[in-house]
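What follows is a single structure, written as C-alpha cells, with notes after it.
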Amino acid sequence: MTTLKGCKEFCQRLSEYLDGEIGEHECRLIEAHLAECPPCALVYRSLCTTVEVCNKGVSCEIPDDVRQRLLQFLREHCDPGYAAKT
Ligand SMILES: [Zn+2]
C-alpha cells in the first residue's frame, strides 16, 4: 500500500484534494496522513470549516487569502530549515 512520504507530499496534494482534482485513492492517502500527523490535521480542520461555511451558502471557492495563509503554514511546517530557526 502506497503512503504519502510525509508532510511535504501531503502539502502538495492538499490543494488538489480541496479542488477535487484527485482520485479516491489519493483521498485515502491524505486521510491516512491526517490520522498520523496532528499539525496537518489541524490545518485540514480549519480548511474544512472554511469549505463547509462556503457550502452552506452560495457555492464559492476557498478565498485566496485563506488558501495562501494555509499554504504558507504548510510550507513552514514542511520546511526543516524553517523549523530549525524557530
Ligand atoms: Zn503532516
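Numerical summary
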| read-out | value |
| --- | --- |
| All positions within the stretch 7-26 that are over 11 Å from the mean Cα position of the chain (by Cα) and surrounded by 13 or more Cβ atoms within 10 Å (Cβ to Cβ) | Ile22, Glu26 |
| Flag for Ile22 being at pLDDT 70 or above, in contact with a helix residue (DSSP H, G or I) (Cβ under 6 Å, 6 or more places away or on another chain) and away from the ligand (no atom under 12 Å from the Cβ) | yes |
| Test: residue in the stretch 72-83 that is in contact with an Asp or Glu (Cβ under 8 Å, 6 or more places away or on another chain) and either surrounded by 14 or more Cβ atoms within 10 Å (Cβ to Cβ) or modelled with pLDDT under 80 (or both) | yes |
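The values are calculated or read from the model by the stated rules, or taken from the named source; none is laboratory data. All values derive from a computational prediction rather than experimental measurement. With ideal geometry, Cβ positions are generated from the backbone for all residues, glycine too; neighbour counts draw on all protein chains shown.
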